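Shown next, in structure tokens, is the structure this report addresses.
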Amino acid sequence: MKELPLQTMRDALIEGLCRRMRTDGRTFFLSADLGAPALDRLRTDFPDRFINVGIAEQNLVNVATGLALEGFTVYAYAIASFLSMRAFEQIRVNLALMSQTRPLNVNLVGLGGGVSYDLSGPTHHCLEDLSIIRTLPNLMLLSPSDSIMAGRLADFSICMRRPKYIRLDGKPLPCIYGQKSVFDWARGFHEHTVGDDLCIVATGYMTHKALGIARQLAGRIRVGIIDLFMLNPVDGAALAQAMSRYTCVVTLEEGFIGRGGLDSLVASCVREYGLNVELKALGFKDEYLFAPGARESLYRRHGLGQEQIVDLIASLVPAAHSA
């Protein structure tokens with residue numbers, strides 16, 4: 001497969017939205033004062049349907065809800081940490097609660113999930129959103145892993161008339177899918193590789209790390225890789241079936257572990273379907289990251305460096321054999 005150029009998830013999603021907005025006059029894009037060339041294109045091409053609400057994430061959700069109540073499809077774009085936490089009450093009341101009684105198609109687009117704003121420090125790191133957004137009924141939670149998937153979200157999100165939180169990475173990333181890839185949104189995950197005894201379930205940027213770990217271990221261990229891109233709702237039966245062939249399942253997320261995120265989702269699935277697997281959760285420990293550094297250095301400080309995870313997985317496989 002020809003290697004595709006690096007692209008941000010944001011730019012891929014906006015390209016898809018521009019295409020749809022040319023023929024769909026009932027779609028609005030709202031921004032909380034973020035700038036980018038892709039946004040300039042939206043602003044120029046659709047001046048009547050692009051609104052900058054300023055650095056006001058709570059009002060962003062309020063305005064988006066008002067437009068949605070009039071039947072419009074709305075994209076509300078802001079930095080993920082501020083959108084998911086500063087505006088949490090508005091998301092809960094205006095979207096999660098209200099959408100139980102009437103259709104609302106508001107798409108919350110959070111830029112900078114995990115520590116993709118690595119050098120900006122803990123105020124901009126977003127390690128809590130997977131956990132807190134999962135607590136809300138009626139709100140879909142999507143965590144794409146590359147620009148191909150993010151671009152396809154334009155069509156899916158316009159057609160699926162429910163509130164959504166879309167967690168985008170902030171950096172350009174290589175593509176792990178191809179232009180002809182088909183995503184089963186109802187299933188909510190994709191099996192990149194099937195392994196023998198051990199599987200890594202990852203989401204978002206961590207799917208890249210999981211694939212790199214699998215490649216590094218290829219000569220010693222065949223590791224299964226599941227990219228879980230839909231964290232709410234999830235097809236638990238299909239996920240359980242995919243995990244049932246393994247004796248050990250490792251979850252890998254750019255979020256706090258033990259706080260209701262990906263690891264809790266997988267653990268609940270294992271319990272509900274009675275799977276006999278050993279679980280190991282990998283993610284950030286119960287503390288904020290004040291030490292400065294680029295993304296990989298932050299990982300290493302928390303035991304998430306590539307070599308650290310490779311060594312851990314290699315140590316788990318013998319235990320899985322003897323379980």
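If the only charges are +1 at each Lys and Arg Cβ and -1 at each Asp and Glu Cβ, what is the size of the charge dipole of the chain around the Cα centre, to the nearest 20 debye? Dipole about the Cα centre, nearest 20: 500 debye. The C-alpha atoms of the chain define a longest principal axis, and helix 57-69 lies at about 70 degrees to it. Here's the list of lysines a cross-link from Lys209 could span, going by alpha-carbon distance under 19 Å and ignoring same-chain residues fewer than 8 apart: Lys171, Lys280, Lys285. Computed log10 I(q)/I(0) for segment 256-318 at 0.22, 0.26 Å⁻¹: -1.00, -1.13, from the Debye equation with unit scatterers placed on every C-alpha and solvent omitted. Answer rounded, prolate or oblate for segment 116-207, using the Cα gyration tensor with square roots of eigenvalues a ≥ b ≥ c: rounded when a/c is under 1.5, else prolate when a/b is larger than b/c, else oblate. Verdict is rounded for segment 116-207.
Count Lys and Arg as plus one, Asp and Glu as minus one, and take only other residues whose Cβ is under 13 Å from that of Asp118; the net charge is then +1.
Less than 5 angstrom separates the built amide H of Gly255 from those of Phe284, all sequence-distant by 5 or more or on a different chain.
Convert 37 °C to kelvin, take the viscosity as 0.692 mPa s, use the Kirkwood radius over C-alpha pairs of segment 9-168 as Rh, and evaluate the Stokes-Einstein diffusion coefficient in µm²/s, rounded to a whole number. Walk me through the numbers before you get to the answer.
Working: Rh = 15.3 Å.
Stokes-Einstein gives a translational diffusion coefficient of 214 µm²/s.
All Cα-Cα separations within segment 189-322 were binned at 10 Å from zero, giving a P(r) of 12, 46, 34, 7, 0, each value a whole percent of the pairs. Angle between the Cα long axis of helix 9-21 and the longest principal axis of the chain, 0 to 90 degrees, nearest 10? Roughly 40 degrees, rounded to the nearest 10. Of the residues Ala64, Asn52, Leu95, the one whose Cα sits farthest toward the positive end of the charge dipole of segment 28-111, with +1 on the Cβ of Lys and Arg and -1 on the Cβ of Asp and Glu, is Leu95. For n ≥ 4 DSSP H runs only, could you compute -39500 (n - 2.57) per run for the chain, divide by its residues and tell me the 222 nm figure to the nearest 500? For the chain, the value works out to -10500 deg cm²/dmol. Identify which of the listed values of Cα extents along the principal axes in Å was calculated from the structure shown: (1) 62, 44, 39; (2) 63, 41, 41; (3) 58, 51, 36. Given (1) 62, 44, 39; (2) 63, 41, 41; (3) 58, 51, 36, the calculated one carries the label (2). Percent antiparallel among DSSP beta bridges with both residues in segment 189-322, to the nearest 5? Of all bridge pairs located within segment 189-322, approximately 20 percent are antiparallel. For the chain, the longest principal axis of the Cα atoms and the long axis of helix 147-159 meet at an angle of about 50 degrees. Please report the antiparallel percentage of the DSSP beta bridges confined to the chain, to the nearest 5. Bridges in the chain that DSSP calls antiparallel: roughly 15 percent.
If you place +1 on the Cβ of every Lys and Arg, -1 on the Cβ of every Asp and Glu, and leave all else neutral, what size is the dipole of segment 97-216 about its Cα centre, to the nearest 20 Debye? Mind showing how you got there, number by number?
Working: 12 positive and 10 negative charges, 93 e Å.
For this selection, approximately 440 debye.
Using Cβ point charges alone (K and R +1, D and E -1), the dipole size of segment 9-168 about the Cα centre works out to roughly 500 debye.
Since every read-out is calculated from the coordinates, none of them should be taken as a lab result. It should be emphasised that the depicted structure is a prediction, and the values quoted were computed from it without experimental measurement. All Cβ positions, even for glycine, are placed from backbone atoms using ideal geometry, and neighbour counts span all protein chains on display.
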